[in-house]
Amino acid sequence: AKALSMRRHYCTLFDRNYLFKGIALYRSLEEFGGDFILHILCMDDVTYALLDRMTLERAQLIRREDFEDPDLIRVKPTRTVAEFCWTCTPSLPLYVLRTHPDVDLITYLDADLYFFSSPKPIFTEFGDQSILIVEHKFSPQFSELAVNGKYNVEWLTFRRDELGMAALTWWRERCLEWCYYRLEDGKLGDQKYLDDWPERFRGVHVLNNVGGGVAPWNMSSYSVTLQDAHVYVDGTPLIFFHFHKFRILTPTLFSEVPPMYAEAGGLPGPIFDDYSRSLHTAIEDVRRIEPRFSDGIELRGLKGYGM
């Protein structure tokens, strides 16, 4: 048996509209993540009930009512569904650390990430630092998107030490104060708070590995190749891809990137095909339990597409 310290702990949150994507993320970790636990904050009861009936041996489900504390409950009515999810983001790693005293390192993942190879190189690069953040690295044609923040809240690692806890606690307090989907006084959602972290906090490492953080907004900067059925980005194994705004039109029909990114080129086949297959499998898995479940599928009434 592997030592407990070798087990990696991740956390994510999603509601019923992201259920299929959350399952795909879990399955990709199952394939490439080694010994791991994915702590899933279920943002509604439907998500909890369905996941609870699936055999996700490496998932630990968190009920919303067990997670929400008085501070979160207080601000909830002032936020949209998306804004409240963002508000919860820094509170989730803190919750896992508080409820699992044996966890030394916690990594937050967006639910629409998907792994293509082992994340081990990221942790090796991280070393004994306290906080890991990932840059957007916008391609030149998307430079105007920099207003969304220099770093992307897609992968964040925090160590249970003074530096990691200070950053997490500070971030949670800021998000409780203000977390809205608008640009205001240098703030935007939960994300622009990260802009000055390398200066604000000690122990912050910005990921160098180009295999982490590939996304529609930077994909055109890289050369994507396929070697021995593995995807490489500028000669480095693709570790994870951020499927931002990837749309599930029907159980068998997917729209890969938002129109604004499409001009820069669609997703390379191996990236798109892998994710599409995983989503299709997730839909089948869920429908074995709940045959009529369609949340997250846009064209629910479309005939002739396996509906």
**Study point:** Rg and Dmax [Cα atoms of the stretch 1-129; Å; Rg one decimal, Dmax integer]
**Key:** 14.8, 47
Review point. From the backbone phi of the stretch 95-103, what are the Karplus-calculated ³J(HN,Hα) couplings (6.51 cos²θ - 1.76 cosθ + 1.60, θ = phi - 60°) in whole Hz, Gly and Pro given as x?
Key: 4, 5, 5, 6, 8, 10, x, 7, 7
Practice item. Just tell me which aspartates and glutamates come within less than 14 Å, Cα to Cα, of Lys150; anything on the same chain fewer than 8 places away is out. Key: Glu135, Asp190, Asp195, Asp196, Glu199
Exercise for review: With a 1.4 Å probe and every protein chain kept in, tell me what percent of the accessible surface of the stretch 165-307 is carbon plus sulfur.
Suggested key: 50 percent
Study note, to complete from the structure: The rounded separation in angstrom of the Cα centers of the stretch 210-240 and the stretch 97-111 is 27 Å
Exercise for review: Would you mind classifying the stretch 169-307 by shape? Square roots of the alpha carbon gyration tensor eigenvalues, ordered a ≥ b ≥ c; an a/c under 1.5 is rounded, otherwise it is prolate if a/b is larger than b/c and oblate if not.
Suggested key: oblate
Point to revise | Per-residue HN-Hα couplings for the stretch 270-286 [Karplus 6.51, -1.76, 1.60; θ = phi - 60°; Hz; x = Gly/Pro] | key: x, 6, 5, 5, 4, 5, 4, 4, 5, 5, 4, 5, 4, 4, 5, 4, 5
Review point. Hey, any idea what the orientation-averaged projected area of the convex hull of the chain's Cα atoms comes to, in nm²?
Key: 16.4 nm²
Practice item. Compute the distribution of all C-alpha to C-alpha distances in the stretch 106-220, in bins of 5 Å from 0, and list the percent of pairs in each, rounded to whole numbers. Key: 2, 11, 21, 24, 21, 14, 6, 1
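Per-residue ellipticity at 222 nm for the chain, helices alone: DSSP H runs ≥ 4 residues times -39500 (n - 2.57), over residue total, nearest 500 deg cm²/dmol?
The helix contribution divided over the chain gives -9500 deg cm²/dmol.
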Practice item. Return the distance in nm (one decimal) between the two label points of a simple spin-label model at Glu30 and Asp52, each offset 7 Å from Cα along Cα→Cβ. Key: 2.0 nm
Revision key, fill the gap. Answer in debye to the nearest 20: the dipole magnitude of the chain about its Cα centre, from +1 Lys/Arg and -1 Asp/Glu charges placed on Cβ, is 440 debye
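Give me the tail of P(r) for the stretch 158-248 as a percent: Cα-Cα pairs with distance above 19 Å. Could the numbers behind the result be given before it?
On the way: 2405 of 4095 pairs.
For the stretch 158-248, the share of Cα pairs beyond 19 Å comes to 59 percent.
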Exercise for review: Subtract the Cα-Cα distance of Asp273 and Asp69 from 0.36 nm times their separation in residues, and report this length gain in nm to one decimal.
Suggested key: 69.4 nm
**Study point:** Listed residue (Phe116, Thr80, Ser91) projecting farthest to the positive dipole end of the stretch 70-138, Cβ model
**Key:** Thr80
Practice item. Once you've got the Cα coordinates, tell me which of Lys192/Lys245; Lys137/Lys245; Lys76/Lys120 are over 28 Å apart. Key: Lys76/Lys120
**Study point:** Other-chain or far-sequence residues with amide H under 5 Å of Phe116's (modelled H)
**Key:** Phe240, Phe241
**Study point:** Farthest positive-ward along the stretch 173-292 dipole, Cα basis, beta-carbon charges - from Gly186, Pro258, Val286
**Key:** Val286
Point to revise | Cβ-Cβ FRET estimate between Arg288 and Lys76, R0 fixed at 30 Å, reported to 0.05 | key: 0.35
Check your understanding: How would you rank 187-196, 10-19, 284-293, highest first, on the average number of other Cβ atoms within 10 Å across their residues?
Key -> 10-19, 187-196, 284-293
Check your understanding: Extension gain Glu162-Asp45, at 0.36 nm per residue separation less the Cα-Cα distance, in nm?
Key -> 38.7 nm
Review point. What nm distance separates the two modelled labels at Asp228 and Gln141, each placed 7 Å from Cα along Cα→Cβ?
Key: 3.4 nm
Revision key, fill the gap. Rounded to whole Å², per residue accessible area for the chain with a 1.4 Å probe reads 45 Å²
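The values are calculated or read from the model by the stated rules, or taken from the named source; none is laboratory data. Remember, predicted model here, so these are calculated numbers, not experimental data. Positions of Cβ are backbone-derived with ideal geometry, glycine not excepted, and every protein chain shown enters the neighbour counts. Calculation scope for accessible area: heavy atoms of the full protein, side chains included, ligands and nucleic acids excluded. Shrake-Rupley method; radii C 1.70, N 1.55, O 1.52, S 1.80 Å.
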